[in-house]
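Computed from the coordinates by the stated procedures, all read-outs in this text should not be read as laboratory data. This is a predicted model, so every value here is computed, not measured. For neighbour counting, all protein chains shown are included, and Cβ atoms are generated from backbone atoms with ideal geometry for every residue, glycine included.
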Amino acid sequence: MNSPIAIDRNEILKRYKTIDKYTHKGIQGHALIIGGSYGKVGAVSLSAKAALRTGCGLTTVFVPQCGYEILQISVPEVMVVTDDHEKYISEIALNLDVDAIGIGPGMGQKMATQKALHDFLSNNSLPLVIDADALNILSHNPSWIALLPPKTILTPHYKELERLIGKWHSDEDKLGKTIVFSLVNQVVVVMKGAPTYIVDGQTIYVNTTGNAALATAGSGDVLTGMITSLLAQSYKTIDAAILGVYLHGLTADIALPETGYQSFIASDIIANIGKAYLSLKK
Ligand SMILES: NC(=O)C1=CN([C@@H]2O[C@H](COP(=O)(O)OP(=O)(O)OC[C@H]3O[C@@H](n4cnc5c(N)ncnc54)[C@H](O)[C@@H]3O)[C@@H](O)[C@H]2O)[C@@H](O)CC1
Ligand SMILES: Nc1ncnc2c1ncn2[C@@H]1O[C@H](COP(=O)(O)OP(=O)(O)O)[C@@H](O)[C@H]1O
Ligand SMILES: [Mg+2]
């Protein structure tokens, strides 16, 4: 097993792209976030806000009907497309020109939603981030993993990872099983935790930012929006995963002196993305 490469400032500055003075929203990337269900529309709201703050030009969400007004009011910058069903996603019918898609936050695992995910994956070839319930649905239906475009990014926390790869008996075994999973399925796995590892086949990265303030509801939903936004902005898959994880952690390091560990919430990640970007320029 290769030893992990530290995701530090040097590693980031090799990958970070500055913004072209003449860019416009039409070429700055269009991110789509698919997710939400009754009572968990907030997850999509967090993802979508994070996508915007990470710099894509346009963001659209696809949510059940119960998410329509919530999204239009909570994030007016976002465009909203709704499913036919009121409380959960039942069919992902879209005719949109987007550059990258993040799917899963708050989505639930109803049978109709599972079928909708299957049909969506069968027809999709755009760059993808798979999170939360979309990961859990794949764990229930492992043959569907073959439908993912090569280099899809999966963002499991350890429980979600266990559902995907099975139980492990040591940290080394966990990493080994994840490497095999990444190689067999040609996917990039962001193993969220303290610290977060990124597994791209035999190449392993370990993040150096972040702290226990991130142990709060919605912080993974925010990460999904950030990585999807970077993919939409044409970052290479591995660069989007690395930069997303680094900036996400950096927001918590920047905020900590003001919030402490306890009062930090997922919205504070979003509020500090700007400072995290600015700190790359110093
Ligand atoms: N405001 C919202 O709408 C929110 C919606 N959320 C959504 O709620 C759904 C369920 O997600 P959950 O992750 O809560 O449920 P899961 O059941 O997938 O994971 C939580 C369980 O995993 C365990 N666990 C073990 N190791 C862990 C680790 N390293 N990190 C996190 N958990 C670990 C926890 O103790 C807990 O029992 C998802 O769709 C998610 O996107 C959550 O993100 C919370 C916020
Ligand atoms: N103690 C910790 N130290 C560093 N990062 C953490 C810690 N706890 C959680 N995180 C980070 O917070 C995020 C949690 O994601 P997740 O469990 O999916 O949250 P949610 O589903 O509530 O949005 C991950 O990026 C994880 O690495
Ligand atoms: Mg999560």
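Below is a table of values for the structure above.
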read-out	value
Burial ordering of Asp119, Asp83, fewest other beta-carbon atoms within 10 Å first	Asp119, Asp83
Note, ³J(HN,Hα) from phi for the range 216-232, Karplus 6.51, -1.76, 1.60, rounded to Hz, x at Gly and Pro	8, 3, x, 5, x, 4, 4, 4, 4, x, 5, 5, 4, 4, 5, 4, 4
Helix-derived mean residue ellipticity, 222 nm - over the chain, DSSP H n ≥ 4, -39500 (n - 2.57), to 500	-13500 deg cm²/dmol
Diffusion constant of the chain at 20 °C, which comes from Stokes-Einstein with the Kirkwood Cα-pair radius and 1.002 mPa s, µm²/s	115
In nm, spacing of pseudo-spin labels at Asn2 and Asp84 (7 Å Cα→C-beta vector)	4.8
Exposure proxy ranking, count of Cβ atoms within 10 Å, fewest first, for Phe120, Phe62, Phe181	Phe181, Phe120, Phe62
Exceeding the 21 Å Cα-Cα cut-off - candidates Lys21/Lys151; Lys151/Lys192; Lys17/Lys275	Lys21/Lys151
Highest-MSF residue in the chain out of Ser45, Ser122, Ser263 [GNM, Cα springs under 10 Å]	Ser263
